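For reference, the structure discussed in these notes is given below.
The values are calculated or read from the model by the stated rules, or taken from the named source; none is laboratory data. Note that the structure is predicted; figures quoted are calculated from it, not measured. FYI the Cβ positions are ideal-geometry reconstructions off the backbone, even for glycines, and counts take in every protein chain you see. Ligands, DNA and RNA are stripped out before the accessible areas are found, and what is left, the full protein with its side chains, is counted by its heavy atoms. Shrake-Rupley method; radii C 1.70, N 1.55, O 1.52, S 1.80 Å.
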Amino acid sequence: MRLQSIPVLLCLAAGWIYFFICPVQTMEAAAQTRFTVDVNLVTLRFTVRDEAGGYVNSLDAGDFSVSENGRNQEISIFEKPRSMEPTSGTTWLAFLLDVSGSTLATRSEEILAARSFFENIQDSVMVGVFGFTDELLVFQDFTDNSGRVLDAFSAADRHKGQTAIYRASSKLLTEMNRRAQPGDRKVIIVLSDGMDDEYQQSSETASLAKESSAVFYTVWVPSAAFMYSGPAATDSEKVREDRQRKREAYASLSVSTGGRHFGGFESILDFDDVMAHINDEVFGNLYTVGYYSDLDGLGKRDRDIHMRFSGNGKEPYRIRGIYQNLPDLVQSKKQFIEALFDSSATQSLTGRIAGFRDFGADVDLQKATFDGEMASVPFRLKISPFTIPLDSEGKIDTQFGYVGLLSDTEGEEVLRLRGVFSVKLTRDQIMDDGRGILYNGTFRVPPGRYFFRMAVLRIPSWEMTVVDKILQISGPEKRY
């Protein structure tokens, strides 16, 4: 049986402890393209340059060595770059970011992946960073200065307006056509949730791209467009069909122009892998080295990986921009993240996700009150600000998502809660004013004994903490 949940978000003051939380929303989206990753396989992708900055694409596996946390690793997978000849002409490459406000949760991931991307591109590439709501926005006009491009990624902020992928794409294509010379390449990488009401224009934009010899790559990122808490049946068939058509139109923009669509939840967990795939398809200069790690469960912060050259004669060469695809528990976390952003993800989630304590968090289940035979159970999610890293400006500016699961004594899922909220706190507010982070909610269930599990994610980093509780609810008191 699935029952209704009632999320409540409050800004509270309790004695000298103050809680400041800004509400946002969540969304619904589906995946089209997925990656398959061996559980313990670590893959590294990189370029090699000579002293003049040219690519060196003819090295063999024996020319490299790799170590992890001080231990040499046996190279199990090796692939040379696909490209053996330098490309002629200029490549015009545009990043087109959805900044309507719904997809900013993963922007920090995008910035980190973009850094490796720019270290691995050719010198004859002009890169621009653009955004869109219901109009095209210029964050950085086309330039060969990667520093300016990274600054533009960081500065890209929320703008008011609706999502207009296809109008913005068509306008950007027109501008690229105006600047490019015959024989130049044109590539557009779009990051969006794909929820454009004018999705019928996808085929028209794709036709313009093919006429322009331009290629689209589309990356689905989670959106806050559709707040959800409660059973998946809340969505009408019409709403689900409309979202599916928009997702398919977004994916077809890339597929029909010769690019690729990245739509799986794995892609938002590891933008590095997404950007490596795009980089390799566009330029073809990446080496791939893989090894099987025995450090099961460690993430990027806990792995010290070094790529080196073996033997002599390679002193003038440099390894650049290493992409890392690590087995850092993505498979275990994926089911919770999918449940957070997709109400159709109805598989059982009470399985093997436990033991994650990436930051300090706890949940208080408070005394139930009754409305007839149903119990209303308030819950309070508490997160310690001292376990959340401050940004470069000395403040916390981040987003959290939670998935709460209530199962009965037979292990059957009874209720699912989910939501997203943002937090903004300065160092002074934390240290001097004693402010912390608190989220309040309520759910309704009949009396009984339940197992309650809540997974809390810090969305920009996908760090997770899981809290388990036993909930015992007796029936309402009888009055005579």
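Evaluating Lys186 against the criteria (1) open to solvent by 10 Å² or more (accessible area, probe 1.4 Å); (2) more than 11 Å from Ala94 (Cβ to Cβ) leaves one unmet condition, (2).
Say whether the condition of being touching a Leu at 6+ places or on another chain (Cβ under 7 Å) and either surrounded by fewer than 21 Cβ atoms within 10 Å (Cβ to Cβ) or part of a loop (DSSP other than H, G, I, E, B) (or both) is met by at least one residue in the stretch 387-394.
Quick first cut of the stretch 387-394, residues touching a Leu at 6+ places or on another chain (Cβ under 7 Å) only: none.
No; the residues of the stretch 387-394 include none that is touching a Leu at 6+ places or on another chain (Cβ under 7 Å) and either surrounded by fewer than 21 Cβ atoms within 10 Å (Cβ to Cβ) or part of a loop (DSSP other than H, G, I, E, B) (or both).
Mind checking which strands (runs of 3 or more DSSP E) fall wholly inside the stretch 420-480 and carry at least 1 residues that are touching a Ser or Thr at 6+ places or on another chain (Cβ under 7 Å) and on the phi < 0 side of the Ramachandran plot?
Details: elements: 437-445, 448-458, 463-473.
Of the strands (runs of 3 or more DSSP E) lying wholly inside the stretch 420-480, those with at least 1 residues that are touching a Ser or Thr at 6+ places or on another chain (Cβ under 7 Å) and on the phi < 0 side of the Ramachandran plot span 437-445, 448-458.
Whenever a residue of the stretch 419-438 is without any contact (Cβ under 8 Å) to a residue 40 or more places away in the chain, its partners that are open to solvent by less than 30 Å² (accessible area, probe 1.4 Å), lying with C-beta atoms within less than 9 angstrom and at least six residues away or across chains, give the pairs Thr426/Gly394; Thr426/Ile396; Arg427/Gly394; Arg427/Ile396; Asp428/Gly394.
Among the residues here, Ile459 does not qualify as more than 29 Å from Val221 (Cα to Cα) and within 28 Å of the chain's Cα centre (by Cα). Considering Glu204, Glu248, Glu135, the condition of being open to solvent by 50 Å² or more (accessible area, probe 1.4 Å), modelled with pLDDT of 90 or more, in contact with a helix residue (DSSP H, G or I) (Cβ under 9 Å, 6 or more places away or on another chain) and farther than 24 Å from Ala276 by Cα is satisfied by Glu204 alone.
Scan the stretch 317-341 residue by residue and report those that are open to solvent by 50 Å² or more (accessible area, probe 1.4 Å) and either more than 16 Å from the chain's Cα centre (by Cα) or at pLDDT 65 or above (or both). Lay out the reasoning, then the answer.
Quick first cut of the stretch 317-341, residues open to solvent by 50 Å² or more (accessible area, probe 1.4 Å) only: 317-318, 320, 322, 329, 331.
Listed by number, the residues that qualify are Tyr317, Arg318, Arg320, Ile322.
On the given criteria, is Gly290 among the small types (Gly, Ala, Ser) and modelled with pLDDT of 75 or more? Full working, then the answer.
On the way: among the small types (Gly, Ala, Ser): yes; modelled with pLDDT of 75 or more: yes.
So Gly290 fits the description; yes.
Going residue by residue through the stretch 453-472, is there one that turns out to be of a type in the set (S, T, N, Q), open to solvent by less than 60 Å² (accessible area, probe 1.4 Å) and more than 22 Å from Leu365 (Cα to Cα)? The answer is yes; a qualifying residue exists.
Among residues of the stretch 369-391 that are farther than 12 Å from Val445 by Cβ and in contact (Cβ under 8 Å) with a residue 24 or more places away in the chain, none has a Cβ under 6 angstrom from a residue that is open to solvent by 60 Å² or more (accessible area, probe 1.4 Å) and of a type in the set (Phe, Trp, Tyr) at a sequence gap of 6+ or on a separate chain. Residue count for the stretch 138-164 under the criterion of being within 23 Å of the chain's Cα centre (by Cα) and modelled with pLDDT of 95 or more: the result is 0. When the stretch 95-109 is filtered for residues that are surrounded by 22 or more Cβ atoms within 10 Å (Cβ to Cβ) and either at pLDDT 65 or above or more than 24 Å from Gly147 (Cβ to Cβ) (or both), the ones remaining, listed by number, are Phe95, Leu96, Leu97, Asp98, Val99, Ser100, Ser102, Thr103, Ala105. Whether any residue in the stretch 388-407 is more than 30 Å from Phe271 (Cβ to Cβ) and either at pLDDT below 85 or touching a Phe, Trp or Tyr at 6+ places or on another chain (Cβ under 7 Å) (or both) is what I want to check. Among the residues of the stretch 388-407, at least one is more than 30 Å from Phe271 (Cβ to Cβ) and either at pLDDT below 85 or touching a Phe, Trp or Tyr at 6+ places or on another chain (Cβ under 7 Å) (or both), which makes the answer yes.
Which members of the stretch 395-420 meet the condition of being polar (S, T, N, Q) and either open to solvent by 30 Å² or more (accessible area, probe 1.4 Å) or over 17 Å from Arg444 (Cα atoms) (or both)?
Thr398, Gln399, Thr409
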